[in-house]
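Novice: Quick one: structure below, then a few questions.
The values are calculated or read from the model by the stated rules, or taken from the named source; none is laboratory data. Predicted model only: the values in this text are computed from it and were never measured. Note: ideal-geometry Cβ built from the backbone for every residue, glycine included; neighbour counts use all protein chains shown. Surface areas here come from the heavy atoms of the whole protein model, side chains and all, with no ligands, DNA or RNA. Shrake-Rupley method; radii C 1.70, N 1.55, O 1.52, S 1.80 Å.
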Amino acid sequence: MDITTKFFGMFQNQEVIEYTLTNSNGISLSAIPYGAIVTKIVTPDKNGEKANITLNVESLEDMVAHRPFYGATIGRVAGRITDGQYIVEGQQVQLDVNEKGNQLHGGPVGLDTKLWKVKTKNEEDHASIIFSCKSLAGENGYPGNLEVEVEYRLTEKNEWKILYTAHTDATTLFNPTNHIYFNLTGDIKQTILNHKLQLSSSKYGMLGDRNLPTGVLKDSSGTAFDFSESKLVREAVLSDDPQIKSVSGLDHPFVLEQKGEAVQAVLSEEKSGRQVIMSTEENSVVIFTHNKEMDAFQIQGEPAKQYAGITLEAQTLPDAVNQSKFGNIFLQPEQTYHSQTMYRFSVLE
Ligand code: G6D
């Protein structure tokens with residue numbers, strides 16, 4: 001495996017270096033210590049043409065100024081926490097809020113806004129970029145000093161494995177994800193509407209006011225949210241389903257029926273022949289289809305268009321701390337948090 005580095009930008013007078021892992025099949029993954037952000041994933045198409053298959057901001061300045069979350073490590077808690085509040089041992093905790101009175105993606109200074117420590121590891125069958133950071137008690141309103149490690153492992157089997165480890169010195173919340181947006185065409189000027197998606201899921205979380213989960217996990221069979229058989233993303237995103245219309249696309253959690261090594265999601269694109277499969281230990285995957293053009297910054301000379309990318313954000317169901325049966329995201333001092341999500345890249349002949 002090859003590990004290379006390149007200057008990426010400056011943050012608070014510190015050099016931010018981009019690390020790139022490349023395997024013997026010409027697949028590479030690049031990431032930076034700011035936000036443990038994945039800046040590129042390059043894979044070949046069916047003709048061997050290599051291209052970046054993810055949506056990324058080109059400059060660190062734009063990442064810091066606009067926080068689009070592209071490829072970023074999200075935490076302490078991915079998604080929205082209603083009113084930034086939760087109850088633990090009969091006490092109400094008030095977190096910092098940063099979107100319509102809720103906490104979104106870990107709050108105003110979430111893990112995606114921090115400069116992580118970094119080291120690399122090069123083994124026979126894989127190479128890794130290992131990021132670590134500390135979130136102090138009180139940051140974004142969370143109790144507990146949290147230590148997080150995220151390992152991005154690229155293997156010779158063309159897998160990107162994300163391995164999370166975390167500890168806390170007081171009961172807190174932890175539900176991280178990676179906010180990667182895929183565009184398998186390799187051209188962000190094309191939309192993801194002709195991508196095909198298949199999910200091992202029969203229920204999705206309905207959204208209500210302020211994009212908050214209503215708590216209802218609805219049966220998806222026969223609806224726009226039914227991806228039990230592979231189907232074009234456009235069939236969902238352009239449907240008249242009120243849940244789709246209300247957010248102009250997908251922005252919903254899908255309950256995953258299997259866990260661990262099983263394949264729970266298959267995303268593919270016919271023209272390039274590229275395919276990504278996902279497996280995770282988490283109980284859900286949030287799929288967001290970049291439902292609005294982002295005109296605060298430019299990528300390749302133009303704003304990132306509507307439907308320029310699609311996320312597969314593996315995590316415990318959003319707002320789990322306020323929804324019974326959504327899962328447990330409390331992290332206790334005596335626990336070590338471990339979770340793994342894997343994406344495998346291939347080409348359909
Ligand atoms: C919007 O509602 C969506 C979120 O799900 C997404 O993560 C964010 O944009 C980037 O707030």
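Novice: Just to verify a result, which residue in region 170-200, among those that are among the aliphatic types (A, V, I, L, M) and more than 19 Å from Phe326 (Cα to Cα), is farthest from the chain's Cα centre (by Cα)? Break it down stepwise before answering.
Specialist: Within region 170-200, the first condition is being among the aliphatic types (A, V, I, L, M), and the residues that meet it are 170, 173, 180, 184, 188, 192-193, 197, 199.
Retained after the next criterion (residues that are more than 19 Å from Phe326 (Cα to Cα)): 170, 180, 184, 188, 192-193, 197.
Numbers: Ala170: 26, Ile180: 4, Leu184: 16, Ile188: 18, Ile192: 16, Leu193: 19, Leu197: 16 Å.
This residue is Ala170.
Novice: Exactly one of these conditions fails for Gly186: (1) surrounded by fewer than 18 Cβ atoms within 10 Å (Cβ to Cβ); (2) part of a loop (DSSP other than H, G, I, E, B). Give me its number.
Specialist: Answer for Gly186: the failing condition is (1).
Novice: Moving on to the next point. Could you please find all residues in region 53-71 being in contact with a Leu (Cβ under 8 Å, 6 or more places away or on another chain) and either within 11 Å of the ligand (Cβ to nearest atom) or among the aromatic types (Phe, Trp, Tyr) (or both)? So that I can check it myself, show each step before the final result.
Specialist: Restricting attention to region 53-71, the residues satisfying the condition of being in contact with a Leu (Cβ under 8 Å, 6 or more places away or on another chain) are 53, 70-71.
Matches in region 53-71: Tyr70 only.
Novice: Test Tyr307 against the stated conditions and say whether it is modelled with pLDDT of 95 or more and not in a strand (DSSP E or B).
Specialist: yes
Novice: Residues that are open to solvent by 40 Å² or more (accessible area, probe 1.4 Å), in contact (Cβ under 8 Å) with a residue 40 or more places away in the chain and over 15 Å from Trp116 (Cβ atoms), at least 3 per element: which strands (runs of 3 or more DSSP E) completely within region 1-84 meet that? Before you say what the answer is, go through the steps one by one.
Specialist: Details: elements: 2-11, 14-22, 28-32, 37-44, 50-52.
Of the strands (runs of 3 or more DSSP E) lying wholly inside region 1-84, those with at least 3 residues that are open to solvent by 40 Å² or more (accessible area, probe 1.4 Å), in contact (Cβ under 8 Å) with a residue 40 or more places away in the chain and over 15 Å from Trp116 (Cβ atoms) span 2-11.
Novice: Quick one: how many residues across region 208-230 are under 30 Å from Asn98 (Cα atoms) and open to solvent by 20 Å² or more (accessible area, probe 1.4 Å)? I'd like the intermediate steps shown before the answer.
Specialist: Step one: list which residues in region 208-230 are under 30 Å from Asn98 (Cα atoms), which gives 208-218, 225.
Filter once more, so that each one left must be open to solvent by 20 Å² or more (accessible area, probe 1.4 Å): 208-211, 214-218.
Of the residues in that region, 9 qualify.
Novice: For region 137-145, indicate whether the set of residues that are assigned to a strand (DSSP E or B) and crowded, with 21+ Cβ neighbours inside 10 Å is non-empty. Give the steps one after another, and end with the answer.
Specialist: First pass over region 137-145, keeping only residues assigned to a strand (DSSP E or B): none.
Checked against the condition, which is being assigned to a strand (DSSP E or B) and crowded, with 21+ Cβ neighbours inside 10 Å, region 137-145 yields no hits at all.
Novice: Still on this structure, please answer the following. What number of residues within region 1-53 satisfy the criterion of being polar (S, T, N, Q), touching a Gly at 6+ places or on another chain (Cβ under 7 Å) and closer than 16 Å to Leu184 by Cβ?
Specialist: Restricting attention to region 1-53, the residues satisfying the condition of being polar (S, T, N, Q) are 4-5, 12-14, 20, 22-25, 28, 30, 39, 43, 47, 52.
Now drop any that are not touching a Gly at 6+ places or on another chain (Cβ under 7 Å), which leaves 39, 52.
From what is left, the residues that are closer than 16 Å to Leu184 by Cβ are 52.
Qualifying residue count, region 1-53: 1.
Novice: On to the next question. (1) within 16 Å of the ligand (Cβ to nearest atom); (2) in contact with a strand residue (DSSP E or B) (Cβ under 7 Å, 6 or more places away or on another chain); (3) modelled with pLDDT of 95 or more: which one isn't true of Asp295, the others all being true?
Specialist: All conditions are met except number (3).
Novice: Counting only residues that are within 16 Å of the ligand (Cβ to nearest atom), at pLDDT 95 or above and crowded, with 17+ Cβ neighbours inside 10 Å, give me the strands (runs of 3 or more DSSP E) lying completely in region 231-291 with at least 2 of them. Lay out the reasoning, then the answer.
Specialist: Numbers: elements: 251-255, 265-269, 274-280, 284-288.
Filter on region 231-291 gives 251-255, 284-288.
Novice: Something else: Scan region 103-122 for residues that are in a strand (DSSP E or B) and either among the acidic types (Asp, Glu) or closer than 25 Å to Asn56 by Cα (or both) and jot them down. Can you show your working first?
Specialist: So the first thing to find is which residues in region 103-122 are in a strand (DSSP E or B), and the list is 103-104, 115, 117-122.
Scanning region 103-122 gives Gln103, Leu104, Leu115, Lys117, Val118, Lys119, Thr120, Lys121.
Novice: Starting from region 123-134, take each residue that is assigned to a loop (DSSP other than H, G, I, E, B) and list its partners that are open to solvent by less than 40 Å² (accessible area, probe 1.4 Å), counting only C-beta distances under 8 angstrom and pairs at least six apart or across chains.
Specialist: Asp125/Thr155
Novice: Considering region 85-105 alone, what residues qualify as being open to solvent by less than 40 Å² (accessible area, probe 1.4 Å), within 11 Å of the ligand (Cβ to nearest atom) and touching an Asp or Glu at 6+ places or on another chain (Cβ under 9 Å)?
Specialist: Kept after step one, since they are open to solvent by less than 40 Å² (accessible area, probe 1.4 Å), are these residues of region 85-105: 86, 88, 93, 95, 101-105.
Filter once more, keeping what is within 11 Å of the ligand (Cβ to nearest atom): 102, 104-105.
Across region 85-105, the qualifying residues are Asn102, His105.
Novice: Tell me which residues, restricted to region 169-182, are open to solvent by less than 10 Å² (accessible area, probe 1.4 Å) and among the polar types (S, T, N, Q).
Specialist: Thr172, Asn175, Thr177, Asn178
Novice: Among the residues of region 310-321, how many are in contact with a strand residue (DSSP E or B) (Cβ under 6 Å, 6 or more places away or on another chain) and outside any loop (DSSP other than H, G, I, E, B)?
Specialist: If we filter region 310-321 for residues that are in contact with a strand residue (DSSP E or B) (Cβ under 6 Å, 6 or more places away or on another chain), which is where we start, we get 310-319, 321.
Narrowing the set further to residues that are outside any loop (DSSP other than H, G, I, E, B) leaves 310-311, 313-315, 321.
Here the count works out to 6.
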